[in-house]
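Just so it is clear, none of the values below were taken in a lab; they were calculated from the coordinates. Quick caveat, the model's predicted, so the values are computed rather than measured. All Cβ positions, glycine included, derive from the backbone under ideal geometry; neighbour counts span all protein chains shown.
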Amino acid sequence: MISDEDKLRNPWKTLGGELKYENNWIAVTEYQVINPSGNQGIYGKVHFKNIAVGVIPLDEDMNTWLVGQYRYTLDEYSWEMPEGGCPIGAETVLDTAKRELLEETGLIAAEWTELLKLHTSNSVTDEVGYAFVARSLIQAEADPEETEDLRLWKLPFEEALQMVLDGKITDAFTCMAFLKLKVLLDKGLI
């Protein structure tokens, strides 16, 4: 068992850091460190300037919507829950979830439940993400951003979940949100 004191003790020592790259979305810093074994080295950190926000919309018939788009970073097509970025300090994660759901799907939800908080890849980034379940849906008009060439797919929740289980959906945020929602639904907690 790990003591509370050990959980709070930072075994790393930062000697300095240098910003290596920055744009509107990320900053990459290289730190000179003393690692937990006492050796000097470097550690790179990607800082995201937005909080990741995702939404699983669910209608009364247990249908959901996926958003499909070609992901430049992967050089392949990806099906995901509606997702976007919350500018830190500019709006709440719930406000971002509402905005992203409307922008990407044209859906407006009357009921919102926070599903999870996660760190997307905590060995290299400080990015945090929040996912929500949106219910009591009304269809309006979608208005995607200029960088988004989106396709919408309305399908049963269980079919989307099977895509996660079959490896047809590989976006980590989407996979985690769908799996957690399934557990909560099965336990009658949501």
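For this structure, a couple of remarks:
- Least to most buried among 163, 81 (fewest other Cβ within 10 Å first): 163, 81
- Proxy reagent accessibility, fewest Cβ within 10 Å first, across 53, 128: 128, 53
- Gyration tensor verdict on segment 1-63 (Cα atoms; rounded if a/c is under 1.5, prolate if a/b is larger than b/c, oblate otherwise): oblate
- Net charge in the neighbourhood of residue 31 (other residues with Cβ under 11 Å of its Cβ; Lys, Arg +1, Asp, Glu -1) is +1.
- The alpha-carbon positions of segment 86-134 define a convex hull whose volume is 82 Å³ per residue.
- Comparing 71, 135, 99 in a Gaussian network model of the chain where C-alpha atoms under 10 Å apart are linked, the largest mean-square fluctuation is found at 71.
- Across 154/182; 154/180; 20/182; 98/180; 20/180; 98/168, pairs whose alpha-carbon gap is larger than 29 Å: 20/182; 20/180
- Here r is the Cβ-Cβ distance between residue 8 and residue 166 and R0 is 35 Å; the resulting FRET efficiency, rounded to 0.05, is 0.30.
- For the options 49, 13, 168, a Gaussian network treatment of the chain with springs between C-alpha atoms closer than 10 Å singles out 13 as fluctuating the most.
- Under 5 Å between amide hydrogens, built in the peptide plane, is the criterion, and for residue 26 it picks out 49 among residues at least 5 positions away or on other chains.
- Alpha carbon convex hull of the chain, projected area averaged over orientations, nm²: 13.9 nm²
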